[in-house]
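The values are calculated or read from the model by the stated rules, or taken from the named source; none is laboratory data. These numbers were taken from a predicted model, which means no experiment stands behind them. No Cβ is skipped: glycine too gets one built from the backbone with ideal geometry, and neighbour counts run over all protein chains shown. To get the accessible areas, we keep the full protein, side chains included, count just its heavy atoms, and leave off ligands, DNA and RNA. Shrake-Rupley method; radii C 1.70, N 1.55, O 1.52, S 1.80 Å.
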Amino acid sequence: MKITTFNNMKGLIHGNDPMRIGCDRGGVLKIGNTEIKIPAGAEAIMPIVCNGCTGSFGATFTDESGKVYTLEKVTLMAGRITPPHQSAVEFMGLNCRLDEAEKECEELREEIRQLRNIFDTNSLNFLIN
């Protein structure tokens, strides 16, 4: 399983291997009252969570900087995470694309700000530099 987090402080646990879990950043995964430490960029062994219960549970991921991501509800079968519904995975793909587009948009805005400062402060500044 893998934890994917988004800019809107939400996330999703997805994948097919309920025995291992990983994330691109380190932190602590909390499902119900079970906490699992996850190293950055590596996989951790996934223990039986919530005393082997079956059902849906809330989950959060707190990264090393203290940001708390609310994860989509996790469905457990005998204490093991089951893969999310396909539509949730499709929405995750859209969220990832949105995050990339927002990042690119912010970079372009910053570049526009820099160019405006060059041309607005002194119309001949670009000739001098």
### Query
Does ARG113 satisfy being open to solvent by 100 Å² or more (accessible area, probe 1.4 Å) and not acidic (Asp, Glu)?
yes
### Task
Being basic (Lys, Arg) and under 20 Å from ARG20 (Cα atoms) is the filter; apply it to segment 60-99 and report the residue that is surrounded by the most Cβ atoms within 10 Å (Cβ to Cβ).
ARG80
### Query
Hey, among the residues in segment 1-19 that are open to solvent by 90 Å² or more (accessible area, probe 1.4 Å) and modelled with pLDDT under 90, which one's farthest from the chain's Cα centre (by Cα)?
MET19
#### Entry: Qualifying position, being loosely packed, with under 13 Cβ neighbours inside 10 Å and farther than 14 Å from MET1 by Cα, among GLY27, GLY55
GLY55
